[in-house]
Each structure stands twice: as C-alpha cells, then as structure tokens.
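Below is one structure; the comments refer to it alone.
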Amino acid sequence: MNRPVLLVIAHGSRDARHAATVQALVRRAGALRPGLRVETAFLDFNLPSVPGVLDRLAAEGVRDVVALPLLLTRAFHAKADVPAVLRQAPPSLRIRQAEVLGPSPLLVAAVERRLYEAGLTPGDRSTTGVVLASAGSTDPEAIAVIAETARELRRTGWCSVRPAFASASLPRTEDAVRALRAEPGVRRVAVAPYVIAPGRLPDRIAAGAAEADVLADVLGPAPELARLLLERFDASRAARVAVAHSA
C-alpha cells in the first residue's frame with residue numbers, strides 16, 4: 001500500500017532558531033505516529049525547499065502527499081504562496097493541501113502550557129491579563145481568527161485577554177500590555193506569543209513585552225501542536241476518502 005507522506009510546509013526565516021524549532025516540532029509529531037513518513041520543507045530562506053522535496057518524493061515513487069501549511073491562520077501564505085508552489089509539483093504526485101493549524105482548542109491549550117511554564121499557575125488566571133501576541137496580518141479572516149482565539153483563551157478563566165500584533169495590524173504588544181495594566185482586577189500582565197517559532201517578529205513581540213510581568217515562550221514543539229499536525233493530516237485523508245466514495 002502506498003501510504004501518503006505528510007509534508008509540513010513552514011515559512012522559513014534567516015534566524016537559525018526558526019528551522020531548528022520547526023524540525024523539533026515535526027520530529028515530535030512523527031514520534032507520535034510510527035510508520036508515518038513526515039517531511040519538512042520551507043517556502044523561503046531555509047532548505048530543503050518545497051519544490052526540492054516534492055521532486056525527491058516523486059523520484060522515490062511516492063504518489064500521495066498531504067501538504068500541511070505550518071501556519072496558525074489562513075492568511076496570504078496559505079491562500080496564495082502554498083497553493084502556488086504546490087502547483088509546480090511533478091504530475092505523478094497526488095497532493096492535497098490540509099487546513100492550517102488554527103483555530104483549534106489544542107492551540108489554546110498550548111498557549112496555556114507556555115504560560116504555566118513561564119511561572120504562572122491555574123490559580124493566577126482570575127487576576128492575570130494576557131496579551132495574545134501574534135505576528136500580524138492584513139487579512140481580515142486571519143485577524144478575526146486571532147480575536148476569536150483570544151476570546152477562547154479568556155473563556156478558560158483568565159481575567160482579561162487582548163490580541164496584539166507584531167506587524168501589519170494594531171495594537172502592538174506594548175500598547176496591549178499598558179491597556180491591560182489599566183483594567184480593573186488585573187494584578188499582573190503576561191504576554192503569550194501566538195507564534196510557532198522564533199524569528200524577527202517574535203523578537204519584536206518580546207521587546208514589546210518589556211513592561212509585562214511574564215513573557216511566555218513561543219509555541220514551538222509543544223505536545224499539543226504535534227497532535228494538531230496529525231489531526232490536520234487525518235482530516236485531510238478522511239476528506240479525500242469521502243470525496244472518492246461520493247464520486
């Protein structure tokens with residue numbers, strides 16, 4: 001049986017920490033599913049490139065690929081860049097693009113994991129304001145998803161949660177920190193980077209968190225993210241089977 005390969009497509013960065021973090025996440029996902037072949041490729045800056053990996057898979061006789069954009073929202077990269085590069089794949093490959101990672105309860109759980117690892121406890125939630133700081137986008141759909149994720153995080157019991165953005169959108173992290181500081185009932189302010197891997201924009205988030213009490217780590221190879229990669233893979237395969245059965 002020709003099993004599909006999971007191809008995780010990350011954006012890429014000049015920051016070496018980015019690729020290392022992506023690879024750690026992909027390894028964790030692979031360890032959760034023995035027998036599943038998981039490959040990593042990058043849109044820019046890092047190797048291997050997406051065309052390079054697709055050419056290699058085709059040369060090896062692989063026929064089915066599930067391409068998973070390692071993105072938290074359906075912004076420009078998911079809607080334009082990834083489909084464009086997949087269209088250049090060898091014709092022998094059957095490729096299905098999986099959904100991006102967000103929104104998902106697993107992402108909210110990963111954010112909370114990082115906040116607790118940074119020193120907070122569940123008992124701190126009712127007096128802690130959280131800035132959910134993402135990279136930013138000009139895409140209204142992506143902005144709406146970040147806002148909804150902030151609301152979902154708030155529903156878990158945090159005193160207040162405000163979204164913030166490192167680029168393209170407002171407010172900036174530092175402005176959200178100051179706004180939370182002024183809210184009644186907020187005794188401490190935490191910044192939770194809603195980004196997968198380190199890089200220029202996460203560093204900007206960290207700089208904007210200078211006046212916060214707590215700065216959590218990026219999501220990175222959190223167990224919840226590893227599980228989410230497999231959820232998206234499984235959903236894509238199930239959708240393909242459903243389409244085949246209805247044909």
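The values are calculated or read from the model by the stated rules, or taken from the named source; none is laboratory data. Model, not experiment: these values are computed from the prediction. Reconstructed Cβ throughout: ideal geometry from the backbone, glycine too, with neighbour counts over all protein chains shown. What goes into the accessible areas is simple: the full protein's heavy atoms, side chains included, and nothing from ligands, DNA or RNA. Shrake-Rupley method; radii C 1.70, N 1.55, O 1.52, S 1.80 Å.
Under a plain spin-label model, where a point goes 7 Å from the Cα along Cα-to-Cβ, how far apart in nm are residue 148 and residue 170?
For residue 148 paired with residue 170, the spin-label model returns 2.6 nm.
Could the peptides 97-104, 49-56 be put in order, highest first, of the mean number of other beta-carbon atoms found within 10 Å of their residues?
97-104, 49-56
Report P(r) for the chain: all Cα-Cα distances, bin width 10 Å, range 0 to the bin holding the largest distance, values in whole percent.
Over the chain, the share of Cα pairs per 10 Å bin runs 7, 31, 33, 18, 8, 2, 0 percent.
To test your reading of the geometry: what angle, between 0 and 90 degrees and rounded to tens, separates the Cα axis of helix 50-59 from the longest principal axis of the chain?
30
Which peptide among 38-44, 81-87 comes first, and what is the full order, when sorted by highest mean count of other Cβ atoms within 10 Å?
Details: 38-44: 19.9, 81-87: 15.7.
Top to bottom by mean Cβ count within 10 Å: 38-44, 81-87.
Tell me, what is the percent relative contact order of the chain, built from C-alpha pairs under 8 Å that lie six or more residues apart?
On the way: 467 pairs, mean separation 55.9, N = 247.
Computed value for the chain: 23 percent relative contact order.
Spelling out what I want: for every residue of region 79-86, take phi, set θ = phi - 60°, compute 6.51 cos²θ - 1.76 cosθ + 1.60 (Karplus), and round to whole Hz; glycine and proline get x.
Using θ = phi - 60°, the values come out as 7, 10, 4, 5, x, 5, 6, 5 Hz.
In square angstrom, what is the accessible area per residue of the chain with a 1.4 angstrom probe? Each step should come with its number before you reach the end.
Details: 11220 Å² over 247 residues.
On a per-residue basis, the chain sits at 45 Å².
Show the residues, 5+ positions off or on another chain, whose built amide H is closer than 5 Å to the amide H of residue 162.
Close amide H contacts, sequence-distant or interchain: 130, 131, 132.
Rounded to the nearest 500, what is the chain's calculated 222 nm mean residue ellipticity when only DSSP H runs of at least 4 contribute -39500 (n - 2.57) each, over all residues? Please list the in-between numbers first.
Working: 8 runs with 103 residues, N = 247.
For the chain, the value works out to -13000 deg cm²/dmol.
For helix 105-117, report the angle its Cα long axis makes with the longest principal axis of the Cα atoms of the chain; keep it between 0 and 90° and round to the nearest 10°.
For helix 105-117, the angle is close to 50 degrees.
Accessible surface of residue 152 in the full protein assembly, 1.4 angstrom probe, to the nearest 10 Å²?
Only protein atoms counted, so the area is about 80 Å².
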